[in-house]
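The block underneath contains the structure these notes are about, expressed in structure tokens.
The values are calculated or read from the model by the stated rules, or taken from the named source; none is laboratory data. This structure is a prediction, so every number in the text was calculated from the model and none was measured. Cβ atoms come from the backbone with ideal geometry, glycine included; neighbour counts cover every protein chain shown. Calculation scope for accessible area: heavy atoms of the full protein, side chains included, ligands and nucleic acids excluded. Shrake-Rupley method; radii C 1.70, N 1.55, O 1.52, S 1.80 Å.
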Amino acid sequence: MLFRSHATRDPGFAGVEREPNDQVGDATTMPFGAEVRGRVGRRLDPQRGDRDFFSVEVPETGGAERALARVRLTLSSLPNFPLCALVFRRGFADALGTYCPGRAGRDLAIDALGLEPGSYFFGVVQDRDGYGATAQPVHENVSDDYVLRVTRSDADGGDRKSTRLNSSHR
């Protein structure tokens with residue numbers, strides 16, 4: 001079950017994930033513009049790997065009312081299995097976007113996501129897609145951390161357009 005109701009807990013942001021955070025109801029609060037270190041560690045069960053969720057408030061842009069915020073999302077890689085970043089709007093069960101670089105050792109950087117200001121959950125999970133081959137087995141990682149960043153984008157727009165999240169991307 002992805003969603004579970006819990007009392008809100010906010011012991012202060014220390015720059016690292018707080019376990020448990022494998023469901024959005026247990027998400028680690030992360031300030032917009034910060035980075036957080038986490039570890040996709042012990043699997044939840046033989047068929048489901050660990051997953052980490054972070055709660056982030058995307059601020060108003062200061063421009064037109066409800067204008068899209070240009071957000072940069074980065075996720076560092078692990079050496080032994082690939083990761084995906086998921087984006088959920090608070091109150092919705094389906095991910096707005098799923099971004100996976102496709103292999104271990106490859107960082108993820110999305111330069112200009114178009115997000116309406118408001119509350120979001122960002123998830124980090126193992127990419128089990130086999131990309132045409134057999135699905136990857138569930139892995140555990142006991143020694144390597146990833147770094148997740150959710151910040152304002154410096155992308156100038158130029159030839160690049162914001163990716164407004166409304167579907168999955170791989």
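Of note:
- Between amide H atoms placed 1.01 Å from N, distances below 5 Å from Ala155 occur with no residue 5 or more places distant or on a separate chain.
- Computing FRET efficiency as 1/(1 + (r/R0)^6) for Thr134 and Glu60, where r is the C-beta to C-beta distance and R0 is 41 Å, gives about 0.35.
- Across the stretch 79-95, rounded Karplus estimates of 3J(HN,Hα) from the backbone phi angles (6.51 cos²θ - 1.76 cosθ + 1.60, θ = phi - 60°) give x, 10, 7, x, 10, 10, 10, 10, 10, 10, 7, 3, x, 10, 7, 8, 5 Hz, Gly and Pro being marked x.
- Accessible-area value, Ser153, 1.4 Å probe, nucleic acids and ligands omitted, Å²: 20
- Across the stretch 126-140, coupling constants 3J(HN,Hα) worked out from phi with the 6.51/-1.76/1.60 Karplus curve, θ = phi - 60°, read 5, 7, 9, 4, x, 6, x, 10, 5, 4, 5, x, 6, 10, 10 Hz, and Gly and Pro carry x.
- Note on the stretch 29-149: the C-alpha convex hull projects to 7.9 nm² when averaged across all orientations.
- Calculated FRET efficiency, Ala104 to Arg48, Cβ-Cβ distance, R0 = 25 Å: about 0.85 to the nearest 0.05.
- The fraction of accessible area contributed by carbon and sulfur in the stretch 42-141 is 48 percent, rounded to a whole number (1.4 Å probe; ligands and nucleic acids excluded).
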